[in-house]
1. Residues being surrounded by fewer than 17 Cβ atoms within 10 Å (Cβ to Cβ), under 20 Å from the mean Cα position of the chain (by Cα) and touching a residue at least 24 places away in the same chain (Cβ under 8 Å): count how many of those fall in the range 242-262.
2. Give the range 413-435 a look and list any residue that's open to solvent by less than 80 Å² (accessible area, probe 1.4 Å), in contact (Cβ under 8 Å) with a residue 24 or more places away in the chain, under 17 Å from VAL449 (Cβ atoms) and among the hydrophobic types (A, V, I, L, M, F, W, C), or say none.
3. Run ILE182 past the list (1) closer than 29 Å to ARG306 by Cα; (2) open to solvent by less than 10 Å² (accessible area, probe 1.4 Å); (3) not in a loop (DSSP other than H, G, I, E, B) and report the number of the one that doesn't hold.
4. If SER67 passes every condition in (1) at pLDDT 75 or above; (2) open to solvent by less than 60 Å² (accessible area, probe 1.4 Å) but one, which one does it miss?
5. Might you let me know whether the range 151-165 holds any residue that is of a type in the set (D, E, K, R) and within 19 Å of the chain's Cα centre (by Cα)?
6. Among the residues of the range 230-248, what is the count of those that are in a helix (DSSP H, G or I), under 10 Å from ARG113 (Cβ atoms) and not charged (D, E, K, R)?
7. How many of the residues in the range 512-542 are within 14 Å of the chain's Cα centre (by Cα) and in a loop (DSSP other than H, G, I, E, B)?
8. Go through the range 153-169 and give me each residue that's in a loop (DSSP other than H, G, I, E, B) and either open to solvent by 40 Å² or more (accessible area, probe 1.4 Å) or not hydroxyl-bearing (Ser, Thr, Tyr) (or both).
Amino acid sequence: MRVSEPGESAIELPWLRPATASLVALARSSLPMAWTAIKSDPAAVLHLLRHFPTNSSATFPNDLSSSPAILESALRHVQQNSAGAVDWSHPDVMPVHVAALAYAQLSEMIAMRVGRCDSACAWAGGLLAPLGWFAICAIEPEAAADCLRHPIYAEHVPEVQCELWGLDAHALGRRLARRWAIPDWLRAIVGYLGLSAHDAAQVGADDRLFRIVQLAVLLAQTNGHHLGLPVGTNCAELLTSLGLSEEDLNAIGAEWCITRTVRSQRSPPKTDVVPALLPELLVLAIDKRRLEHGPYGQKLEAEIDRLQQALAEQRQTETERLHRQKLRSMVELAAGAGHEINNPLAVISGQSQYLLRKEEDTTRQESLRTIIRQTERIHQILTDLMQFARPAQPRRMHHELSALVSEVVDHQTPFAATRSVRLEWFEPKELTPVLVDGPMIRTALAALVRNAVEAAPKDGWVRLSVENADGQWQAIVEDSGTGPLPSQVEHLFDPFFSGRVAGRGRGLGLPTAWRLAQENGGDLRFDPLSESPSRFVMSLPHFIPIAESPSAQPDEFLNRKIA
């Protein structure tokens with residue numbers, strides 16, 4: 001049991017102590033010459049930026065390190081044995097440092113490709129984005145490692161951090177950014193990366209730099225350097241606003257892989273051994289900070305945290321609402337278009353068949369058969385589209401979800417075998433009762449499995465499982481494919497959208513599965529984990545027997561009879 005939470009102690013840090021080599025480089029050289037020596041040391045970069053005017057533009061002045069204030073401040077802290085030393089080579093700290101370097105490298109590369117942005121500021125913004133993590137590493141490295149190893153960390157980042165630290169990393173970074181009076185453009189990156197660039201501009205963000213760091217963090221976290229930093233803008237919007245294409249993104253990724261390999265061979269900056277008097281001095285510093293800020297400051301910070309969380313939740317809810325509204329609009333369009341196209345299509349097919357019966361010329365007969373085949377193909381597409389747009393009224397009855405999944409696995413196994421993909425079905429031992437239309441859910445599950453098989457590489461796998469979560473049963477389909485690009489995720493359930501080569505798929509499988517799940521009182525979402533790039537979760541209502549539901553009416557019992 002800790003005497004105090006790591007987050008509480010981290011708030012009182014007077015600084016992060018640069019490595020001795022970084023301070024020597026600052027003392028001996030001007031900033032352009034010293035930059036290469038100090039840029040991998042987050043504490044040294046932060047020490048420089050704390051001497052920026054808070055409302056300065058996002059540009060590094062070349063004469064910054066010539067100011068005596070930077071070395072005077074460093075000397076004062078060192079003489080006082082101030083807390084804040086971080087051993088970047090410590091095994092519990094290295095994953096955080098490596099992730100920060102990834103954010104910095106990608107930010108610098110994107111800034112150089114985009115232009116009109118100071119690449120040094122881009123590096124600094126990416127490097128210091130996880131400032132709250134650095135403070136935890138300074139206070140208690142094991143707490144950072146415990147967070148990364150936590151079994152539910154990937155799905156519940158802020159909750160796990162609050163449980164282990166007392167504060168989440170984003171809230172801690174916001175507090176330190178304010179107390180250390182760092183520039184507004186950096187404070188926005190540290191504290192409000194989870195907002196859109198438009199909203200972050202209201203708190204001092206540099207629009208272009210902010211978007212660059214958001215894109216860098218998004219790419220790095222997608223590629224394994226996951227510190228749980230929230231990003232408030234999707235990849236497609238970031239690429240558009242920065243004038244980048246998917247080809248640019250691939251080029252940046254290839255360059256980053258080479259740079260990452262070179263940098264991985266270098267040793268991280270080392271920090272001196274912590275002085276023995278640090279505990280006593282840290283206690284004095286904590287008491288002094290608490291007296292200075294008092295209860296009013298704590299209430300104000302808590303209120304800002306609540307407003308930040310409310311804004312983030314509101315934006316997420318609005319995004320989901322707009323997405324549902326978009327899909328409903330597509331449903332109406334698809335239903336109307338399907339009905340209108342079917343009528344003239346039937347006329348074309350009927351007249352072609354009539355002419356075929358009268359035609360004696362073999363060449364013309366083949367042409368008419370081609371027309372008939374194509375009308376049948378269009379009719380099948382419209383049938384699939386109408387199933388998405390206006391499926392039949394579901395006849396919801398009691399089914400075992402595991403039995404439905406087993407039937408789908410048996411039916412899809414031959415198709416998987418033709419593509420050299422292995423189907424793995426982890427059948428639960430417990431009963432999995434759901435109240436659904438069985439044929440509809442089988443169709444939806446078959447679409448999910450077929451999509452996963454097509455996405456998996458040769459000799460890959462598709463895994464199916466069933467879990468009970470929040471009063472609903474969840475059918476989970478995962479595959480060993482690379483997963484969709486970030487720019488494709490928001491379109492996964494759009495009709496006729498396909499991430500494959502044009503002409504190889506109609507793009508109706510996932511939308512139809514989503515629609516059928518919705519019709520049965522459930523939902524379908526793309527919910528990947530770090531170890532599974534592609535993971536779809538179908539949630540379905542739990543079947544409650546009549547004996548367990550005293551409020552059930554006689555007509556409800558009819559809908560719950562076992563099929």
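1. Final tally of qualifying residues: 2.
2. Those that are open to solvent by less than 80 Å² (accessible area, probe 1.4 Å), in contact (Cβ under 8 Å) with a residue 24 or more places away in the chain, under 17 Å from VAL449 (Cβ atoms) and among the hydrophobic types (A, V, I, L, M, F, W, C): PHE415, ALA416, VAL421, LEU423, TRP425.
3. (3)
4. The failed condition is (1).
5. Yes, there is a match, as at least one residue in the range 151-165 is of a type in the set (D, E, K, R) and within 19 Å of the chain's Cα centre (by Cα).
6. Here the count works out to 1.
7. 5
8. ALA154, GLU155, HIS156, GLY166, LEU167, ASP168
The values are calculated or read from the model by the stated rules, or taken from the named source; none is laboratory data. No experiment lies behind these values; they were computed from the predicted model shown. No Cβ is skipped: glycine too gets one built from the backbone with ideal geometry, and neighbour counts run over all protein chains shown. Note: areas computed on protein heavy atoms with side chains; ligands, DNA, RNA excluded. Shrake-Rupley method; radii C 1.70, N 1.55, O 1.52, S 1.80 Å.
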